[in-house]
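The values are calculated or read from the model by the stated rules, or taken from the named source; none is laboratory data. These numbers were taken from a predicted model, which means no experiment stands behind them. Glycine gets a Cβ as well: all are built from the backbone with ideal geometry, and neighbour counts include every protein chain shown. Heavy atoms of the whole protein, side chains included, go into the accessibility calculation; ligands, DNA and RNA do not. Shrake-Rupley method; radii C 1.70, N 1.55, O 1.52, S 1.80 Å.
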Amino acid sequence: MKNLFRHGLKHLVAGSAQRARGTRDAKVVSVASLKGGVGKTTTSVNLASALARFHQQRVLLIDLDPQGHVGTSLKTQIAPGGGLLSSVLTGEEPGHVMDVATDTSVYALRVTPPDPGLIEAENLLSAKIGKEMILRDALQVTRSYYDVILIDCPPNLGNLTVNALVASDYMLVPCDLSPLAVQGVDSLLRHAQLVGGRLNPALDLLGVVITRYDTRTPSLNESVLSQLEQTYGEALLSVRVGVSTSLSRAQHAGAEIFEHDPKSRGALHYRELGAEVARRLGVIN
């Protein structure tokens, strides 16, 4: 009976979508925040572009947020095509995440298109066995075709975010210098520790990156920065992404900052962030 059962499983696997493994081994990074308005998607989009443009990395940017802000931020640069990530996660269309991704005008950068169906998928995952592992399994072959995979997470601690953390090697946390954002980082990291301890022991903190840094409020900045430095130490990245109208305009125009305004302060900051992240990932020295 056991042999017959194994034979049946082999038959099911053979009938599912097959793809040969590639030769790469991507580092998977979740970009996560519990507070909106801290530049989570802006960071995901422009960091992905910086790694592809300036560090010759083959990058996949996964839009796991049902709001689809990655697609909005890159609407003029995303090629037609792709599919629904939710269909892969729910098993409606067995396959790999790379099968639903599409090209962009940035060489070596691909993205998953916006998918409002992720709202329903969030609920459907609750009823599945091994619900926390579904994205990890769907990335097993995909990660062999990329150098870096970035996941733009929803701004909550639901099933989709847990799936992202279980599938990831690292977590990158954008944080502005507001008290609520700092509190959100603490809460997120406590939750990530639980996920790491129980479901993904390999999960590590890539860093906390300061966003929306406003030089016009130096006293407040130093107070909050001092708190963050004491709490997170070396985990706090040295790059501080400043408040920049160019970043807002780029997002409104539907293009990453290096396409929209490559000489702007926002472009400089995200190019510096790309280099620091690349060093931490071991991509460059």
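Among the numbered conditions (1) modelled with pLDDT of 95 or more; (2) in contact with a helix residue (DSSP H, G or I) (Cβ under 7 Å, 6 or more places away or on another chain); (3) under 22 Å from LEU85 (Cβ atoms), tell me where GLY158 comes up short.
Looking at each condition in turn, GLY158 falls short on (1).
Return the residue satisfying two criteria in turn: it lies in the range 239-275 and is surrounded by 18 or more Cβ atoms within 10 Å (Cβ to Cβ) and out of contact with any helix residue (DSSP H, G or I) (no Cβ under 7 Å at 6 or more places or on another chain), and of such residues it is modelled with the lowest pLDDT.
ARG240
Taking the residues in the range 146-165 that are touching a His at 6+ places or on another chain (Cβ under 9 Å) and open to solvent by 30 Å² or more (accessible area, probe 1.4 Å) as candidates, determine which candidate is farthest from ALA101 (Cα to Cα).
Among them, the one singled out is LEU157.
When the range 202-223 is examined, which residues are found to be at negative phi and modelled with pLDDT of 90 or more?
ALA202, LEU203, ASP204, LEU205, LEU206, VAL208, VAL209, ILE210, THR211
Of the conditions (1) in contact (Cβ under 8 Å) with a residue 40 or more places away in the chain; (2) open to solvent by 10 Å² or more (accessible area, probe 1.4 Å), ASP214 fails just one. Which one is it?
So ASP214 meets the others, but not (1).
Could you tell me whether the range 268-276 includes any residue that is under 20 Å from GLY71 (Cβ atoms) and within 21 Å of the chain's Cα centre (by Cα)?
Initial filter on the range 268-276 (under 20 Å from GLY71 (Cβ atoms)): 270.
Filter again for within 21 Å of the chain's Cα centre (by Cα), leaving 270.
Scanning the range 268-276 turns up at least one residue that is under 20 Å from GLY71 (Cβ atoms) and within 21 Å of the chain's Cα centre (by Cα).
Considering every residue within the range 194-201, establish whether at least one is touching an Asp or Glu at 6+ places or on another chain (Cβ under 9 Å), open to solvent by less than 40 Å² (accessible area, probe 1.4 Å), among the β-branched types (Val, Ile, Thr) and at negative phi.
So far as the range 194-201 goes, yes, one or more of its residues are touching an Asp or Glu at 6+ places or on another chain (Cβ under 9 Å), open to solvent by less than 40 Å² (accessible area, probe 1.4 Å), among the β-branched types (Val, Ile, Thr) and at negative phi.
Can you find a residue in the range 109-118 that is farther than 25 Å from ALA50 by Cβ and within 16 Å of the chain's Cα centre (by Cα)?
Checked against the condition, which is being farther than 25 Å from ALA50 by Cβ and within 16 Å of the chain's Cα centre (by Cα), the range 109-118 yields at least one hit.
Given (1) closer than 18 Å to GLY254 by Cα; (2) of a type in the set (D, E, K, R); (3) out of contact with any strand residue (DSSP E or B) (no Cβ under 9 Å at 6 or more places or on another chain), where does ASP103 come up short, assuming only one miss?
Going through the list (1) closer than 18 Å to GLY254 by Cα; (2) of a type in the set (D, E, K, R); (3) out of contact with any strand residue (DSSP E or B) (no Cβ under 9 Å at 6 or more places or on another chain), ASP103 breaks only (3).
Give, as residue ranges, the helices (runs of 4 or more DSSP H) completely inside the range 13-110 that count at least 3 residues that are surrounded by fewer than 24 Cβ atoms within 10 Å (Cβ to Cβ), out of contact with any Pro (no Cβ under 7 Å at 6 or more places or on another chain) and not small (Gly, Ala, Ser).
Those helices (runs of 4 or more DSSP H) span 40-55.
Considering only residues that are touching a residue at least 60 places away in the same chain (Cβ under 8 Å) and of a type in the set (S, T, N, Q), look in the range 85-143 and name the one that is farthest from VAL29 (Cα to Cα).
For the range 85-143, the residue satisfying everything is SER105.
Filtering the range 276-285 down to residues that are assigned to a loop (DSSP other than H, G, I, E, B) and either among the aliphatic types (A, V, I, L, M) or closer than 17 Å to VAL31 by Cα (or both), which residue is modelled with the lowest pLDDT?
Residues of the range 276-285 that are assigned to a loop (DSSP other than H, G, I, E, B), as a first pass: 282-285.
Subsequent filtering for residues that are either among the aliphatic types (A, V, I, L, M) or closer than 17 Å to VAL31 by Cα (or both) retains 283-284.
Details: VAL283: 86, ILE284: 78.
Ranking the qualifying residues of the range 276-285, first place goes to ILE284.
Got a number for residues in the range 119-137 being crowded, with 18+ Cβ neighbours inside 10 Å, over 15 Å from the mean Cα position of the chain (by Cα), of a type in the set (A, V, I, L, M, F, W, C) and under 24 Å from VAL59 (Cα atoms)?
1
Examine the range 166-173 for a residue that is at pLDDT 95 or above and open to solvent by 20 Å² or more (accessible area, probe 1.4 Å), and state whether such a residue exists.
yes
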